[in-house]
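What follows is one structure encoded as structure tokens, with my remarks underneath.
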Amino acid sequence: MFDVSRIRRDFPILSSRVNGKPLVYLDNAATTHKPRVVMDSVARFYKLQNSNVHRGSHTLSNAATTEFENARKIAASFIGSPDPAHVIWTKGATEAANLLAYSLGDLLIKPEDVILVSTMEHHANLVPWQQTALRKGATLVPVPLTDEQTLDISAYESLLKKHRPKIVALTHVSNALGVINPVEQCCHLAKQYHATTVIDGSQAIAHLSVDVKQLGCDFYFFSGHKCYAPGGVGVLWGKEDLLKAMPVWQCGGEMIKHVSFDHTEFNDLPFKFEAGTPPIASVLGLAAALEYLSTLDRQAVQAHESALRRFVVDSLQQYPTIKVYAPFAENVGIVSLSISGLHHQDAAFLLDEHGIAVRTGHHCAMPLMESLSIQGTLRASFALYNTREEAETFVAHIIDLLSSTMASNQPIKPNSDQTIEATLPAISFPDANQLVELDQRLAAEPQQNKLALLLSQADHPSLLPQSYHCDQNRISGCESDVWLVCQKLEVHGELFFNFAVNSNAKIMQGLSLWVLSFLQGKTASEIQCFDVTEALHSRGLHRFISPSRTNGLHAIVDTIKAYTR
């Protein structure tokens, strides 16, 4: 029987409290926490073995090299590789994908060739292939999804037959939806058309037993930090004939046999693709993580994670204003959802107040979100250490958010019109003095109250009316929709500027009004001098505003400055 309470004792961070509440960590698809054995492995290396690997002539280096190469054997065994030399250490899945797109792309792709990817790919397994296609004069073709948000196998077969792609790059598990793709079937079909297959296993490796021989793929890669290992390390596995034929990617130490000014002879596998000093401690930590997983009943772990997801999906699907994506597909334990009338950013902030960590946004899968006609989702992702009680807590707070949303005013929805009509209502531009009071209150509030103050600005009477929510006024570069209108006032020959703003996310409504507290009624020269980064730090907002939200604020300020030039 799977004992989650025993597992949790292996992860010290799970006893943490966030905002005074017990941590409920449901962001495992972004990164997993580390068990003690992993942290001990890293610490032991630095305390007792710290030395560079290979070519050493002293005891510490030899010991480090032995441990380092043993880690390669552990990784090879974990994924069913017949030879450890076929395992290449990388910085992570992203570097592995870029290595393949550059090196394998140079080997195989010619003008007018086709590279096949799925609509649900993470940007890391899409953009590198896109750039290779552009560089080589080839074409990138996406495989569509079914109405159930699963890979359309019928369309996949048709595209294979039509395009006869040179490379097929697919994710084993969707990072945004958690859907498990039938990669063994996909690889078998691709081989019928002589395509080389690349599988992104980043979201699969912590949940599924992986055997690269059984899958029948040519390449498989994953990141360590998503399977309980340290950050900064990943694995790229490939078939020997292709790895040998591929040109080198990065050049430097370790990946050479002999160097002269006239010629360089490159090293054998796996060192051919491992230029420079590797992340030794992280490699050892990865080996410890894989050994830790190997001691568990993987089928029991998978059943536990699936049961948690099934409970959440079944609990939330009964509410018509909650949309769960790919609810019935085979899944590793990810719930991706949206709540009508509540922006996913706002939901995440409110959940965080109760110690619940989730991920929101496009999840580095913009084409997938576009295919679903949404901007993003709220994603809760389960791991082996999550409990039924945590799943129940998540469900309870989602239902509370739903109740609060239904009790509040109607949500802001973008106007489908693309132009501003002459009969629009007058705009009530926010009063500059009231906005300054908002900033003063924000400066005076303790850190834990700042978020609530910003969210409360959703009721501000001078938010830009919905009639003005159109493409003409939409600011690009914001994760949520933000609309802005400018008013110019000439006083004694000098121009002053007022702005009205709104967003479909409450947090951005509050942040946008706060930004206006520095800019409303100012001259062009005053506005041009405003530094939003400095303002965020001065009010302590940088501590809980994510980089994507910060980028949105920069986009708002840049748009305002553009109006005044």
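The values are calculated or read from the model by the stated rules, or taken from the named source; none is laboratory data. All values derive from a computational prediction rather than experimental measurement. Every residue, glycine as well, gets a Cβ built from its backbone with ideal geometry; the counts of neighbours run over all protein chains shown. To get the accessible areas, we keep the full protein, side chains included, count just its heavy atoms, and leave off ligands, DNA and RNA. Shrake-Rupley method; radii C 1.70, N 1.55, O 1.52, S 1.80 Å.
Kindly indicate whether residue 96 is of a type in the set (A, V, I, L, M, F, W, C) and either out of contact with any helix residue (DSSP H, G or I) (no Cβ under 7 Å at 6 or more places or on another chain) or closer than 29 Å to residue 359 by Cβ (or both). Judged against the criteria, residue 96 is a match. Scanning the stretch 507-541 for residues that are in contact (Cβ under 8 Å) with a residue 60 or more places away in the chain, assigned to a loop (DSSP other than H, G, I, E, B), open to solvent by less than 30 Å² (accessible area, probe 1.4 Å) and not small (Gly, Ala, Ser) yields a single hit, 520. Take the conditions (1) modelled with pLDDT of 90 or more; (2) surrounded by 15 or more Cβ atoms within 10 Å (Cβ to Cβ); (3) over 20 Å from residue 502 (Cβ atoms); residue 544 misses just one of them, which is (1).
Give me the pairs, please: first residue somewhere in the stretch 98-117 and more than 16 Å from residue 243 (Cβ to Cβ) and open to solvent by less than 10 Å² (accessible area, probe 1.4 Å), second residue anywhere and among the small types (Gly, Ala, Ser) and assigned to a strand (DSSP E or B), beta-carbon distance under 8 Å, and either six or more positions apart or on two chains. Qualifying pairs under 8 Å: 115/169; 116/169; 117/169. Residues that are farther than 26 Å from residue 386 by Cα, in contact (Cβ under 8 Å) with a residue 12 or more places away in the chain and of a type in the set (Phe, Trp, Tyr) do not occur anywhere in the stretch 75-84.
Just one of the listed residues (340, 306) is modelled with pLDDT of 95 or more and either of a type in the set (Asp, Glu) or surrounded by fewer than 19 Cβ atoms within 10 Å (Cβ to Cβ) (or both), namely 306.
On the given criteria, is residue 94 in contact with a Pro (Cβ under 9 Å, 6 or more places away or on another chain), under 27 Å from residue 333 (Cβ atoms) and either free of Cβ contacts under 8 Å to residues at least 24 places away in the same chain or open to solvent by 10 Å² or more (accessible area, probe 1.4 Å) (or both)?
Values: in contact with a Pro (Cβ under 9 Å, 6 or more places away or on another chain): yes; under 27 Å from residue 333 (Cβ atoms): yes; either free of Cβ contacts under 8 Å to residues at least 24 places away in the same chain or open to solvent by 10 Å² or more (accessible area, probe 1.4 Å) (or both): yes.
Yes, satisfied.
Residue-wise test of (1) small (Gly, Ala, Ser); (2) open to solvent by 20 Å² or more (accessible area, probe 1.4 Å); (3) out of contact with any His (no Cβ under 9 Å at 6 or more places or on another chain).
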site	(1), (2), (3)
455	no, yes, yes
462	yes, no, yes
469	no, no, yes
505	yes, no, no
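Residues that are over 25 Å from residue 25 (Cα atoms) and touching a residue at least 60 places away in the same chain (Cβ under 8 Å) within the stretch 369-384 comprise 371, 372, listed in sequence order.
Among the residues of the stretch 480-489, some residue qualifies, meaning at least one is of a type outside the set (Ser, Thr, Tyr), open to solvent by less than 10 Å² (accessible area, probe 1.4 Å) and closer than 25 Å to residue 352 by Cα. Checked against the criterion of being in contact with a strand residue (DSSP E or B) (Cβ under 7 Å, 6 or more places away or on another chain) and small (Gly, Ala, Ser), the stretch 82-89 has no qualifying residue.
Do any strands (runs of 3 or more DSSP E) lying entirely in the stretch 128-216 carry at least 3 residues that are of a type in the set (A, V, I, L, M, F, W, C) and open to solvent by less than 30 Å² (accessible area, probe 1.4 Å), and which ones are they? Give the derivation first.
On the way: elements: 139-143, 167-171, 196-200.
Fully inside the stretch 128-216 and qualifying: 167-171.
Checked against (1) open to solvent by less than 50 Å² (accessible area, probe 1.4 Å); (2) not in a loop (DSSP other than H, G, I, E, B), residue 278 passes all but a single condition, namely (2).
Do we have residue 360 as closer than 30 Å to residue 290 by Cα, open to solvent by 10 Å² or more (accessible area, probe 1.4 Å), polar (S, T, N, Q) and free of Cβ contacts under 8 Å to residues at least 40 places away in the same chain here? It is true that residue 360 is closer than 30 Å to residue 290 by Cα, open to solvent by 10 Å² or more (accessible area, probe 1.4 Å), polar (S, T, N, Q) and free of Cβ contacts under 8 Å to residues at least 40 places away in the same chain.
Restricting the stretch 1-54 to residues that are assigned to a helix (DSSP H, G or I) and under 24 Å from residue 544 (Cβ atoms), which is most open to solvent (accessible area, probe 1.4 Å)? Ranking the candidates gives 15 first. Screening residue 237 against (1) in a loop (DSSP other than H, G, I, E, B); (2) among the aromatic types (Phe, Trp, Tyr); (3) open to solvent by less than 40 Å² (accessible area, probe 1.4 Å) leaves a single unmet condition, (1).
Going by the structure shown, is residue 550 under 15 Å from residue 349 (Cβ atoms), β-branched (Val, Ile, Thr), surrounded by fewer than 20 Cβ atoms within 10 Å (Cβ to Cβ) and touching a residue at least 12 places away in the same chain (Cβ under 8 Å)?
Spelling it out, residue 550 is indeed under 15 Å from residue 349 (Cβ atoms), β-branched (Val, Ile, Thr), surrounded by fewer than 20 Cβ atoms within 10 Å (Cβ to Cβ) and touching a residue at least 12 places away in the same chain (Cβ under 8 Å).
Inside the stretch 542-565, can you point out the residues that are part of a helix (DSSP H, G or I), of a type in the set (D, E, K, R) and over 17 Å from residue 359 (Cβ atoms)? Passing the criteria: 543, 558, 561.
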